[in-house]
Amino acid sequence: MKAYGAEFFGTFWLVLGGCGSAVLAAAFPGVGIGLHGVSLAFGLTVLTMAYSIGHISGCHLNPAVSIGLWAGGRFPAGKLLPYIVSQVLGAVAAGGVLYLIASGKQGFDVAGGFASNGYGEHSPGQYTFVAALVCEVVMTAFFLIVILGATDKRAPAGFAPIAIGLALTLIHLISIPVTNTSVNPARSTGVALFVGGWAVEQLWLFWVAPIIGAIVGAKVYGFIGSED
């Protein structure tokens with residue numbers, strides 16, 4: 001139960017820190033943190049939580065990561081569902097807290113996107129469905145390669161959270177213009193439910209693509225990281 005609680009609170013922090021930076025601070029007049037700041041915020045949430053709860057739950061914070069670790073032989077199938085449920089609940093709870101904070105500003109409207117992921121007219125850069133699909137699959141695949149490599153027993157001990165956090169930062173620097181960056185179905189769900197409409201209609205892609213990418217990444221690392 002402690003591991004599930006850790007996943008709940010860890011994912012809560014990821015969504016509140018990452019999506020919160022996008023909703024509250026990215027475009028703040030004059031001193032907004034912009035794309036670079038949002039990218040760093042997502043990376044820092046994972047880095048800080050990895051050091052805080054990694055020894056309790058493994059700090060997945062992401063259904064795609066849990067599935068990828070299972071595909072890579074690093075996680076038991078029996079724990080997948082409770083981990084994913086904990087992650088999604090944590091993300092939705094964070095979305096609720098963020099909504100309460102953001103709605104305290106006059107004129108706030110979730111129609112602005114609320115850091116939701118999207119493609120087509122809902123992509124920050126107006127990228128197509130195909131571009132969004134490819135981007136999410138590839139970015140998640142490389143995220144899993146980094147995670148599996150950094151946590152390999154042959155890797156330097158104690159540095160995995162840094163590599164993983166920086167990898168997520170880099171992923172956001174690349175892909176925010178394309179999809180607003182998901183690579184995490186829980187993160188996508190946590191804000192999309194408050195937007196409704198198009199965000200919920202397009203949400204399926206941000207479950208399917210990251211999960212496919214995670215499995216691909218796990219299989220790739222299984223090949224290149226094999227000790228045979």
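The values are calculated or read from the model by the stated rules, or taken from the named source; none is laboratory data. Being a predicted model, the structure only gives us computed values, none of them experimental. Because the Cβ atoms are built from the backbone with ideal geometry, glycine has one as well, and the counts that use them run over all protein chains shown.
Taking H55 as the residue in question, decide whether it is closer than 23 Å to G225 by Cβ and out of contact with any helix residue (DSSP H, G or I) (no Cβ under 7 Å at 6 or more places or on another chain). Even if it seems obvious, please write down each step before you answer.
Details: closer than 23 Å to G225 by Cβ: yes; out of contact with any helix residue (DSSP H, G or I) (no Cβ under 7 Å at 6 or more places or on another chain): yes.
Yes; evaluated as a whole, the condition is true for this residue.
When you scan region 13-51, how many residues do you find that are within 17 Å of Y83 (Cβ to Cβ) and more than 12 Å from the chain's Cα centre (by Cα)?
Final tally of qualifying residues: 2.
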| Any residue in region 176-189 that is crowded, with 22+ Cβ neighbours inside 10 Å and in contact with a His (Cβ under 7 Å, 6 or more places away or on another chain)? | yes
| said: Just to confirm my filter: which helices (runs of 4 or more DSSP H) fall fully inside region 62-158 and include at least 3 residues that are of a type in the set (V, I, T) and within 15 Å of the chain's Cα centre (by Cα)? | reply: 80-102, 129-150
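Conditions tested, residue by residue: (1) crowded, with 20+ Cβ neighbours inside 10 Å; (2) out of contact with any helix residue (DSSP H, G or I) (no Cβ under 9 Å at 6 or more places or on another chain); (3) at pLDDT below 95.
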{"position": "A50", "(1), (2), (3)": "yes, no, no"}
{"position": "H60", "(1), (2), (3)": "yes, no, no"}
{"position": "A91", "(1), (2), (3)": "yes, no, no"}
{"position": "A94", "(1), (2), (3)": "yes, no, no"}
{"position": "L100", "(1), (2), (3)": "no, yes, no"}
{"position": "G107", "(1), (2), (3)": "no, yes, yes"}
{"position": "V110", "(1), (2), (3)": "no, no, yes"}
| Based on what the data block shows, is S103 hydroxyl-bearing (S, T, Y) and touching a Gly at 6+ places or on another chain (Cβ under 9 Å)? | no
| Positions within region 188-204 being in contact (Cβ under 8 Å) with a residue 40 or more places away in the chain, over 19 Å from L89 (Cα atoms) and in a helix (DSSP H, G or I), in sequence order | W198
| request: Take G10 and decide whether it is in contact with a helix residue (DSSP H, G or I) (Cβ under 8 Å, 6 or more places away or on another chain), touching a residue at least 40 places away in the same chain (Cβ under 8 Å) and farther than 17 Å from S86 by Cα. | output: no
| Quick one: is L24 more than 22 Å from L193 (Cβ to Cβ) and either surrounded by fewer than 22 Cβ atoms within 10 Å (Cβ to Cβ) or modelled with pLDDT under 95 (or both)? | no
| Within region 64-95, tally of residues that are of a type in the set (G, A, S), closer than 20 Å to F142 by Cβ and in contact (Cβ under 8 Å) with a residue 60 or more places away in the chain | 5
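For region 152-210, give me each residue that is among the hydroxyl-bearing types (S, T, Y) and under 18 Å from T11 (Cα atoms).
As a first pass, look at region 152-210 and keep what is among the hydroxyl-bearing types (S, T, Y): 169, 175, 179, 181-182, 188-189.
Passing the criteria: T169, T181, S182, S188, T189.
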